[in-house]
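Only one structure is covered here, and it is reproduced in the block below.
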Amino acid sequence: MEVSKSKMRWLWENMKGYRALYILGIFGTILYNVLQLTVPVFSEKIVDLFLTGEDAAENLLTKRNLLIGLIVGMVIVTFLRTIVVYATCINFEYVSQNVLYRIRNFLFAKIEHQDMRFYDNYRTGDLMTRLTGDLDAVRHMIAWVIRMIVESFSLMFAAAVYFFYMDWRLALALLAIAPFIFIIIVCFRNRVAPMHALLREKLSMMNTAAQENIAGNRVVKAFAREEYEKEKFDERNREYSETNKKTAFVWLHFYPYVETFANLLPVVLLLVGGIFLINDQLTMGQYVAFSGLTWALANPMRNLGGIMNEFQRFSAASKKVMEIYYSEPTIVDAPQPVEAKAHLGGKIEFRDVSFSYEHRPVLHHISFTANPGETIAIMGETGCGKTSLIQLIPRFYDPTEGQVFVDGVDVREYKLHDLRKNIGLATQDVLLYSDTIDGNIAYGDSSMSQERVRRFAGYSAAEEFILKMPEGYDTIVGERGVGLSGGQKQRISLARAMAIKPSILILDDTTSAVDLETEKHIQDSLEHLEFTCTKIIIAQRISSTRKADKILVLKDGKIEEEGTHEELIAKKGYYYELVKLQGGEELLATQQIRTLEGGVQHG
């Protein structure tokens with residue numbers, strides 16, 4: 001991760017294609033600040049030649065054209081400077097908006113291609129802050145801060161050169177104040193830098209609290225915790241507000257010193273310049289020019305504090321942005337990936353697979369095989385590693401030890417896109433997008449025909465309730481499926497997983513929220529799909545697992561039992577007890593009769 005890279009270098013890299021335009025804007029900034037010197041220069045000439053000079057009266061008569069020329073020149077230069085300022089500001093804004101657009105797209109793409117560990121470590125609100133507020137600080141740096149830095153220093157430099165040209169002694173007297181202001185600014189920077197880093201973190205925490213509360217509003221209302229959530233957000237908001245005020249007060253603490261030294265410039269000019277003027281070491285025109293340009297030193301000195309404050313804001317924000325910008329996923333394509341078929345066969349093999357999450361062992365030496373077209377059911381207590389096991393197949397995570405094979409090839413050898421497009425996944429926690437029902441089912445293939453969408457909605461027992469909706473398949477589903485029951489969302493999710501006709505279909509407790517009649521319809525549909533696929537089903541209902549070709553019972557991350565429904569009942573272990581617990585006495589009795597009949601026929 002190249003977060004250590006210079007922030008300015010990172011900005012420069014992202015200005016590719018706009019660098020010439022940006023440099024032109026910098027030159028424009030220098031130009032309009034240099035042009036500001038022309039008015040005092042003209043003023044000096046007018047005062048010395050036509051107002052206070054010995055030949056002022058004669059010059060008014062004989063050199064009137066020069067006077068008119070100087071006045072017209074002042075007007076023209078002022079107008080020209082206004083045009084340059086306007087064009088330069090537009091230029092900086094244009095570049096900043098385009099760079100912002102580029103970085104935001106890059107960041108979003110980077111986030112999209114991250115692995116599951118990335119999402120485990122970063123909060124949604126934090127990522128949203130980096131894509132919005134932090135990036136706006138980056139844009140502000142390009143559009144305003146750099147321009148103000150160039151403007152301040154070019155104006156100070158140009159004024160200093162002109163001061164030295166007129167009278168180096170008075171110039172030194174005025175510039176002697178500058179080092180004190182720079183020392184104050186450095187002290188301010190050291191104080192404010194950590195404050196801005198803390199400020200970004202507090203903003204992220206506040207946004208996270210808001211995002212989680214809005215996303216979980218139904219839970220909040222179900223437990224009548226509105227007041228609690230309001231207090232929690234109020235606390236986050238107060239922390240952000242207090243940090244914001246402390247950050248602002250840091251500058252307010254230093255501001256009087258900067259302002260005091262900046263206001264000393266007219267005093268120095270009055271004292272030193274007045275002495276030079278009395279001793280005829282300075283003309284009145286030169287004094288007027290000095291007086292007219294004192295602001296060219298004072299204003300940049302005043303601005304330095306604000307510029308440094310904004311620069312530290314950018315520094316803290318860009319560090320957060322660059323952390324994501326240069327982050328790399330650990331789950332990536334192999335250097336020379338295996339060329340996958342358009343449609344994989346669907347054979348799955350786990351060979352001595354172990355998996356640890358954040359140094360916590362989850363799976364231990366898992367080995368099993370699922371042949372193409374077979375149905376493998378996985379059961380076990382909560383937290384035994386069922387979901388972790390299925391997440392190794394599409395490479396959401398990689399095993400710590402051992403290998404996972406699909407069609408005889410280690411899944412790490414496939415391109416992620418080729419592997420995952422052959423896997424249909426439906427989970428218990430369903431995410432539906434703010435789109436039509438048709439759009440949600442066809443999410444895996446945007447070109448999917450409506451006929452195909454309806455067919456798979458029928459397989460998942462979703463069509464019946466869809467047709468009762470106000471606009472049928474064109475009904476807009478609210479955010480995360482608001483307005484639909486848990487069972488309805490699960491059925492749409494199942495239709496979405498099946499509609500891409502995957503080689504491997506993974507169902508993670510997908511029918512937990514549907515009634516038994518609907519579940520039976522779904523089970524029948526899964527048995528008679530129009531395409532062949534290997535099915536991996538996580539379930540706790542015996543009705544969902546009894547017809548599986550193989551049932552795996554996990555306990556503490558290990559395969560405790562393995563076999564068919566009949567074989568596991570005969571073992572009278574966890575599965576047998578689960579059948580009894582789910583009211584399966586009749587099922588057990590029937591099974592025992594079948595076993596006895598089979599034994600008699602065999603005899």
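The values are calculated or read from the model by the stated rules, or taken from the named source; none is laboratory data. As the structure is a prediction and not an experimental result, all values here were calculated from the model. Because the Cβ atoms are built from the backbone with ideal geometry, glycine has one as well, and the counts that use them run over all protein chains shown. Quick note on the areas: whole protein, heavy atoms, side chains included, nothing else; ligands and nucleic acids left out. Shrake-Rupley method; radii C 1.70, N 1.55, O 1.52, S 1.80 Å.
The rows are residues; the columns are (1) assigned to a helix (DSSP H, G or I); (2) small (Gly, Ala, Ser); (3) surrounded by fewer than 18 Cβ atoms within 10 Å (Cβ to Cβ).
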residue	(1), (2), (3)
Glu151	yes, no, no
Ser154	yes, yes, no
Ile181	yes, no, no
His196	yes, no, no
Ser204	yes, yes, no
Glu231	yes, no, yes
Asp234	yes, no, yes
Ser241	yes, yes, yes
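Please note which helices (runs of 4 or more DSSP H) are completely contained in region 1-108 and include at least 1 residues that are without any contact (Cβ under 8 Å) to a residue 60 or more places away in the chain and either touching a Ser or Thr at 6+ places or on another chain (Cβ under 8 Å) or open to solvent by less than 30 Å² (accessible area, probe 1.4 Å) (or both).
The qualifying helices (runs of 4 or more DSSP H) are 19-35, 38-50, 56-62.
Among the helices (runs of 4 or more DSSP H) contained in region 244-325, which hold 1 or more residues that are of a type in the set (A, V, I, L, M, F, W, C) and modelled with pLDDT of 85 or more?
274-278, 295-325
Need the failing condition index for Pro399 against (1) open to solvent by 20 Å² or more (accessible area, probe 1.4 Å); (2) part of a loop (DSSP other than H, G, I, E, B), just the number.
(1) is the only condition that Pro399 fails.
Quick one: which of Ile324, Ile331 is surrounded by fewer than 19 Cβ atoms within 10 Å (Cβ to Cβ), over 17 Å from Arg169 (Cβ atoms) and in contact with a Lys or Arg (Cβ under 7 Å, 6 or more places away or on another chain)?
Answer to the check: Ile331.
Among the residues of region 282-304, which ones are open to solvent by 10 Å² or more (accessible area, probe 1.4 Å), aromatic (Phe, Trp, Tyr) and more than 25 Å from Phe254 (Cβ to Cβ)?
Within region 282-304, Tyr287 is the sole residue that qualifies.
How about region 346-385: which strands (runs of 3 or more DSSP E) wholly inside it have at least 3 residues that are open to solvent by 40 Å² or more (accessible area, probe 1.4 Å) and touching a residue at least 24 places away in the same chain (Cβ under 8 Å)?
348-357, 360-370
Can you name the residue in region 432-464 that is among the β-branched types (Val, Ile, Thr) and within 29 Å of the chain's Cα centre (by Cα) and, of all such residues, is most open to solvent (accessible area, probe 1.4 Å)?
The extreme case among them is Thr436.
Working only within region 382-441, note down all residues that are touching a strand residue (DSSP E or B) at 6+ places or on another chain (Cβ under 6 Å), of a type in the set (Asp, Glu) and closer than 20 Å to Pro337 by Cα.
Asp410, Glu413 - these are the residues of region 382-441 that are touching a strand residue (DSSP E or B) at 6+ places or on another chain (Cβ under 6 Å), of a type in the set (Asp, Glu) and closer than 20 Å to Pro337 by Cα.
Can you tell me which residue in region 402-431 is surrounded by the most Cβ atoms within 10 Å (Cβ to Cβ), limited to those that are at pLDDT below 90 and in a loop (DSSP other than H, G, I, E, B)?
Step by step, filter region 402-431, then rank; the result is Val430.
Would you confirm, using the coordinates I've provided, whether Ser503 is surrounded by fewer than 19 Cβ atoms within 10 Å (Cβ to Cβ) and in contact (Cβ under 8 Å) with a residue 12 or more places away in the chain?
Criteria not met by Ser503.
Would you say Leu568 is buried (at least 17 other Cβ atoms within 10 Å of the Cβ) and either touching a residue at least 60 places away in the same chain (Cβ under 8 Å) or in a loop (DSSP other than H, G, I, E, B) (or both)?
So Leu568 fails the test.
Among the numbered conditions (1) of a type outside the set (S, T, N, Q); (2) in contact with an Asp or Glu (Cβ under 7 Å, 6 or more places away or on another chain); (3) crowded, with 16+ Cβ neighbours inside 10 Å, tell me where Arg496 comes up short.
That leaves (2) as the condition not met.
For region 206-224, which positions are assigned to a helix (DSSP H, G or I) and either among the hydrophobic types (A, V, I, L, M, F, W, C) or within 11 Å of Tyr240 (Cβ to Cβ) (or both)?
Met206, Asn207, Ala209, Ala210, Ile214, Ala215, Val219, Val220, Ala222
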